[in-house]
Amino acid sequence: MTTDSQSFTRRIALADPTATMALGTMIATRLQVGDTVALKGDLGAGKTTLARAILRTLAVTENVPSPTFTLVQTYETPGLPIRHYDLYRVENPREIDELGLDEALEEGAVLIEWPEHAGNHIPDDALQITLITTGAQSRLADITGPARWASIFREDAHAR
Ligand SMILES: Nc1ncnc2c1ncn2[C@@H]1O[C@H](COP(=O)(O)OP(=O)(O)OP(=O)(O)O)[C@@H](O)[C@H]1O
Ligand SMILES: [Mg+2]
């Protein structure tokens, strides 16, 4: 259970897709078995762009399609397997039971777009990133999660 005293919030300005990708690189360096990264934001906010940057940093060279229709894509990386979910089309949180989320977290880490569609299936200790569109190229990232993530976002290195 994550308590308020153990969590943090940050707002980072992302001037362009390159800044979003740099944020993904930072997250990738800390990703461990059992981690959930919940990616929120409207259509086209940049959730898949951020997920792709995380996977690329972890040496995934294959095509990384949006899992909008498959709901989940699995990637082997040198450190740990990563599952990338897009729950946009999930209408009933009970469908999540069939998507192997618990097993995925035992074996590796998960990136989840549209976590709002998962009801209470998203772990309390997820790193939550909400992308807000502020312009054609610019986004804000509102980040919250367990304290162990805080240090990588301490300096507003991605703001321009
Ligand atoms: N700063 C930025 N960060 C991320 N994407 C950006 C940024 N500026 C512009 N874009 C563009 O916005 C689009 C984001 O698309 P993306 O598929 O990542 O969104 P999404 O949030 O996954 O949408 P969906 O909900 O449909 O899955 C891309 O075309 C990308 O190039
Ligand atoms: Mg997407």
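If one computes the Cα centroid of region 90-160 and of region 1-58, what distance in Å separates the two points?
Rounded to whole Å, the Cα centres lie 7 Å apart.
Per residue, how large is the accessible surface of the chain? Use a 1.4 angstrom probe and give square angstrom.
On the way: 8080 Å² over 160 residues.
Heavy-atom SASA per residue in the chain reads 51 Å².
Taking region 9-153, how much of its Cα-Cα pair set, in percent, is spaced more than 25 angstrom apart?
Values: 2058 of 10440 pairs.
That tail contains 20 percent of the Cα-Cα pairs.
To the nearest 20 debye, what is the magnitude of the charge dipole of the chain about its Cα centre, counting +1 on the Cβ of each Lys and Arg and -1 on the Cβ of each Asp and Glu?
Details: 14 positive and 22 negative charges, 158 e Å.
Its charge dipole is roughly 760 debye.
With a 1.4 Å probe and all protein chains left in place, how much of the accessible area of the chain comes from carbon and sulfur atoms, in whole percent?
Working: 3940 of 8080 Å².
Using a 1.4 Å probe with all protein chains present, the chain comes out at 49 percent carbon and sulfur.
Can you tell which of A19, A104, L80 lies farthest toward the positive end of the dipole of region 9-153, using +1 and -1 charges on the Cβ of basic and acidic side chains (Lys, Arg; Asp, Glu)?
A19
Enumerate the amide H contacts of T70 below 5 Å, restricted to partners 5 or more residues apart or on another chain; note that Pro and chain-start residues carry no placed amide H.
The list, which skips near neighbours in sequence, is empty: none.
FRET efficiency for R11 and N92, Cβ-Cβ distance as r, R0 = 41 Å, nearest 0.05?
Details: r = 33 Å, r/R0 = 0.80.
Efficiency at R0 = 41 Å is approximately 0.80.
What spacing in nm lies between the two simple spin-label points modelled at E103 and A150, each 7 Å away from Cα in the Cβ direction?
Distance between the two pseudo-spin positions: 3.7 nm.
The values are calculated or read from the model by the stated rules, or taken from the named source; none is laboratory data. A quick note: this is a predicted structure, and the numbers were derived from the prediction, not measured. Quick reminder, even Gly has a Cβ in these numbers, built from the backbone with ideal geometry, and neighbours come from all protein chains shown. Calculation scope for accessible area: heavy atoms of the full protein, side chains included, ligands and nucleic acids excluded. Shrake-Rupley method; radii C 1.70, N 1.55, O 1.52, S 1.80 Å.
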